[in-house]
Amino acid sequence: MVEIFLRTLPFFAIIGLGYGAGRARFIDEAGTALLTKFVFFFPLSALIFKFASALPVAEIFDIRLIGAYLWGTAFVYGIATAVAFIRRLDVSTAAMEAQCAVIGNVGFLGLPMFALLFGEEAIAPLMLVLTVDLIVFSSLIVILINAARSGRINPAAFRMAGMGLVKNPMIASLVIGLGWSMLDLPQPEPMRNFMDILAGAATPGALFAIGASLAGRSAERPFVAGWLSFCKLVLHPIFVAFAVLVLFPLDPFPAAIVISAAAMPVAGNVYMLAQHYGVAPVRVSTSILISTAISILTVPLVIAWVSP
């Protein structure tokens with residue numbers, strides 16, 4: 001456990017560095033937004049392409065893994081939604097709280113962390129987790145919020161969700177990378193060097209951006225944010241573990257990756273959705289802050305628990 005904690009500590013230390021820079025106004029909110037945009041569109045996309053283009057398509061597609069992660073995530077999504085309805089929240093707010101309960105920071109935190117901790121073998125299962133999050137649940141919340149506001153399932157909501165996927169650089173770089181792999185296209189040395197240099201900025205850039213963005217978070221309803229953080233950091237990995245170990249048994253290594261991915265704190269893109277739609281943005285912000293702080297301890301615990 002101590003060894004795992006020490007190996008994950010540098011990642012959270014860089015997040016802390018970004019947080020300190022944000023609190024000291026060394027980087028303001030506008031600068032943080034630009035840094036996040038840069039990392040999202042360029043280094044992180046280069047990292048995903050670099051890994052995806054080297055993966056055989058047959059290796060990355062695992063229907064049992066998809067089914068297990070989808071079942072575990074949907075179960076926790078249902079719990080968070082049920083609790084929200086018991087509290088008499090509207091559909092939009094309930095959907096946003098459920099999003100906090102299951103969507104982890106797999107792209108900005110999980111991808112660079114797992115690549116260094118577990119090696120490139122972790123990328124294939126992690127890509128599937130990220131794909132399910134983006135295609136299923138990130139689309140679902142757009143559809144639910146638009147349906148709640150219009151009073152019906154609107155085809156425009158499906159188009160909006162589809163366009164969001166098409167414009168998402170993570171999805172685009174994954175698809176292009178897998179296509180490159182399928183066609184067995186060559187990668188000249190200048191291209192490989194370009195990707196290596198650009199992808200090298202993904203880990204420190206993403207972690208620093210997470211910390212800097214946390215510095216601007218405000219707190220509201222800490223009890224509710226604490227409940228959502230509990231769902232994300234505890235319930236999500238537990239039910240995903242039940243799915244990958246019992247319902248859809250996977251080999252130990254991919255099972256460990258999927259469970260560890262489920263233990264990631266609430267993702268920053270949930271706040272972007274909350275702010276865009278004007279649905280509980282401060283509550284989501286507080287959940288990101290609390291879950292990220294607590295994950296300094298819970299993520300090493302989960303990784304130590306599941307490591308084969």
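Any read-out appearing in this document is the output of simple, stated calculations on the displayed coordinates, not a laboratory observation. No experiment lies behind these values; they were computed from the predicted model shown. Don't worry about glycine lacking a Cβ; one is built from the backbone with ideal geometry, like all the others, and counts go over all protein chains shown.
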Inset, instruction - Sum up the charges of everything whose Cβ sits under 13 Å from the Cβ of PHE49, counting Lys and Arg as +1 and Asp and Glu as -1, but leave PHE49 out. - result: +1
Legend entry - For the stretch 45-105 and the stretch 267-308, distance of Cα centres in Å: 13
Inset, instruction - Would you mind computing, in nm to one decimal, how far apart the modelled labels at GLN275 and ALA304 are, each placed 7 Å from Cα along Cα→Cβ? - result: 3.6
Inset, instruction - Before rounding to the nearest 500, sum -39500 (n - 2.57) across all DSSP H runs of length at least 4 in the chain and divide by the residue total; then give [θ] at 222 nm in deg cm²/dmol. - result: -24000 deg cm²/dmol
Inset, instruction - Calculate the all-directions average of the projected area of the stretch 103-152's alpha-carbon convex hull, and give it in nm². - result: 3.6
Inset, instruction - At a Cα cut-off below 17 Å, give the aspartates and glutamates reachable from LYS37, other chains included and same-chain residues fewer than 8 away excluded. - result: ASP28, GLU29
Inset, instruction - Starting with the fewest neighbours, write out LYS167, LYS232 ranked by other beta-carbon atoms found within 10 Å of each beta-carbon. - result: LYS167, LYS232
Inset, instruction - Return the FRET efficiency for the residue pair PHE223, LYS167: r is the Cβ-Cβ distance, R0 is 22 Å, and the value is rounded to the nearest 0.05. - result: 0.05
Legend entry - Förster-model FRET efficiency, 22 Å R0, GLU120 and LEU17, C-beta, rounded to 0.05: 0.25
Legend entry - Segment TRP71-ILE197, length gained on full extension (0.36 nm per residue, minus Cα span): 41.6 nm
Inset, instruction - Please sort 101-108, 123-130 by packing, taking for each peptide the average over its residues of neighbouring beta carbons within 10 angstrom, highest first. - result: 101-108, 123-130
Legend entry - Calculated P(r) tail over 13 Å for the stretch 246-285, as whole % of Cα pairs: 62
Inset, instruction - Pairs of Cα atoms under 8 Å, at least six residues apart: use those to get the relative contact order of the stretch 2-306, whole percent. - result: 35
Inset, instruction - Between SER173, SER181, SER295, find the one with the highest GNM mean-square fluctuation for the chain; connect C-alpha pairs within less than 10 Å. - result: SER181
Inset, instruction - On each of the three principal axes of the Cα atoms of the stretch 8-133, give max minus min coordinate, whole Å, ordered largest first. - result: 45, 42, 26
Legend entry - Top of PHE61, PHE12, PHE137 by mean-square fluctuation, Gaussian network on the chain, Cα under 10 Å: PHE61
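So if I take the alpha carbon set of the chain, get Rg, then get Rh from the Kirkwood formula, what is the Rg over Rh ratio? Kindly include the intermediate steps, with their values, before the conclusion.
On the way: Rg = 18.5 Å, Rh = 19.5 Å.
Rounded to two decimals, Rg over Rh is 0.95.
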Inset, instruction - Please work out the FRET efficiency for the pair ARG87 and LEU245, using the Cβ-Cβ distance as r and a Förster radius of 45 Å; give the result to the nearest 0.05. - result: 0.90
